[in-house]
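Written out below as structure tokens is the structure these notes cover.
The values are calculated or read from the model by the stated rules, or taken from the named source; none is laboratory data. Since the model is a prediction, treat every value here as computed from it, not as a measurement. Every residue, glycine among them, receives a Cβ derived from its backbone with ideal geometry; neighbour counts consider all protein chains shown. SASA here: full protein model, heavy atoms, side chains in, ligands and nucleic acids out. Shrake-Rupley method; radii C 1.70, N 1.55, O 1.52, S 1.80 Å.
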Amino acid sequence: MINKECVFSFQQLMAEKAAVNQIVLDESQREVVLSLDALIKPVSSIQFRLFKKTHAPHRGLYIWGKVGRGKSFIVDSFFAVAPVENKRRVHFHDFLRELHKRLNDPTNPNRSLDAVLALQLGDCRLLCFDELHLHDVGDAMLVKKLIELIVEKEIIFVATSNYPPDQLLSNPLYHDRFIPAINLIKQSMKVMSLEGGQDYRLLGANKLTPFCEGVFISPANAIKRREYGLPMAGKETQSLAVGHRSLKVRSTPGEFLHFSFHDLCAMPTAVMDYLALCEHYRRWIIEDVPLLQNESPAVQQRFINVIDVLYDQHCQLFLLSDHSLEAITAGAVQEDIQRTRSRLSQLKG
């Protein structure tokens with residue numbers, strides 16, 4: 001339930017936080033802050049009951065924009081101070097992984113999608129969903145049902161994305177199937193864009209995160225490997241079990257989890273594999289990274305996905321290639337490559 005007794009101004013709190021961090025919020029960021037403030041501003045008990053009965057058209061906020069425009073910074077700040085009990089902030093990948101686990105749990109007596117989603121949401125009253133990206137039609141159908149349940153349960157829903165709603169699940173083979181969910185997003189959530197021109201990640205705000213303590217190495221010679229204590233690639237690959245599949249690694253897993261680009265991204269690996277591995281291995285090596293423009297869209301997307309997971313799970317990455325970062329990502333056809341380029345630019349080297 002919402003704590004209605006406190007006096008709360010997210011606008012004021014963000015102004016104070018920006019001043020402390022010497023950040024000047026641009027106009028679009030200030031508009032998002034105002035909208036979040038209006039979304040959650042406490043009211044009296046009677047007003048709150050009336051507010052629920054009026055079924056206000058927007059009980060959520062969908063914030064989209066290019067990488068590094070401050071979406072996560074604003075929403076994280078909002079979530080931390082929002083006077084709501086039973087609130088949850090979760091990354092899209094993590095939510096889907098939890099959902100898949102529950103749906104496939106043989107000990108669960110009721111594994112219907114409705115029952116599992118209801119159990120997963122529980123008594124949540126505020127849900128903040130970070131980086132909503134859809135490329136898989138199966139996942140899209142799960143998210144469609146999730147959004148319907150969020151609206152039904154009158155959960156306050158805040159989501160960030162690099163895409164406007166109309167571009168979710170953009171593959172023309174499947175897009176029409178997700179249009180009802182897109183319409184529901186636009187009906188139940190206020191859609192706002194962050195259009196600022198500055199990529200805040202390039203300012204070094206995240207320089208102390210484990211991911212940004214990683215290194216991009218080019219060329220990847222023996223001297224550089226010794227400098228960072230990296231193992232050499234074995235002449236033969238080794239097998240590593242992940243769930244029901246086996247992946248090939250280039251050296252014995254221990255301090256490092258060591259892949260070649262081909263074995264990790266050209267094989268049919270998935271986000272769920274990367275998340276499972278991150279639970280046990282916090283330092284990753286990916287070597288022999290090629291020019292992505294020469295790889296298929298599916299391979300490009302797997303590389304994008306693994307970088308997303310390592311970044312969000314705060315894993316350290318050593319990326320080895322004979323090419324520059326600019327050359328690696330140049331000409332890639334997947335739109336998400338902008339986010340990948342921004343994240344990789346934070347590596348040392």
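The selection criterion, being assigned to a helix (DSSP H, G or I), modelled with pLDDT of 95 or more, closer than 27 Å to Leu103 by Cβ and touching a helix residue (DSSP H, G or I) at 6+ places or on another chain (Cβ under 9 Å), does not hold for Leu247.
Considering only residues that are in contact with a strand residue (DSSP E or B) (Cβ under 8 Å, 6 or more places away or on another chain) and open to solvent by less than 40 Å² (accessible area, probe 1.4 Å), look in the stretch 326-349 and name the one that is nearest to Lys71 (Cα to Cα). So the residue we want is Leu344.
Exactly one residue out of Ile304, Ile286 is touching a Leu at 6+ places or on another chain (Cβ under 7 Å) and aliphatic (A, V, I, L, M): that is Ile286.
Exactly one residue among Val20, Val90 is open to solvent by 60 Å² or more (accessible area, probe 1.4 Å), at pLDDT 85 or above and among the aliphatic types (A, V, I, L, M), and that residue is Val20.
Of all residues in the stretch 272-290, one or more are in contact with a Ser or Thr (Cβ under 9 Å, 6 or more places away or on another chain) and surrounded by fewer than 18 Cβ atoms within 10 Å (Cβ to Cβ). The residues of the stretch 103-136 that are of a type outside the set (A, V, I, L, M, F, W, C) and assigned to a strand (DSSP E or B) amount to a single one, Asp130. May I ask you to verify whether Asp139 is without any contact (Cβ under 8 Å) to a residue 12 or more places away in the chain and not in a loop (DSSP other than H, G, I, E, B)? No: the conditions fail for Asp139. Could you tell me which residue of the stretch 74-97 is farthest from Leu146 (Cα to Cα), considering only residues that are within 13 Å of the chain's Cα centre (by Cα) and in contact (Cβ under 8 Å) with a residue 60 or more places away in the chain? Ranking the candidates gives Val75 first. The set of residues from the stretch 26-64 being open to solvent by 90 Å² or more (accessible area, probe 1.4 Å) and either modelled with pLDDT of 50 or more or farther than 20 Å from Gln187 by Cβ (or both) comprises Glu27, Arg30, Lys41, Ile46, Gln47, Arg49, Leu50, Pro57. Taking every residue in the stretch 164-176 that is among the hydrophobic types (A, V, I, L, M, F, W, C) and pairing it with any residue that is part of a loop (DSSP other than H, G, I, E, B) and open to solvent by less than 60 Å² (accessible area, probe 1.4 Å), at least 6 positions away or on another chain, the pairs with Cβ-Cβ distances below 9 Å are Leu168/Leu132; Leu168/His133; Leu168/Leu134; Leu169/Leu134. Starting from residues that are closer than 19 Å to Gly68 by Cα and assigned to a loop (DSSP other than H, G, I, E, B), keep the ones in the stretch 292-314 and report whichever is least open to solvent (accessible area, probe 1.4 Å). For the stretch 292-314, the residue satisfying everything is Gln313.
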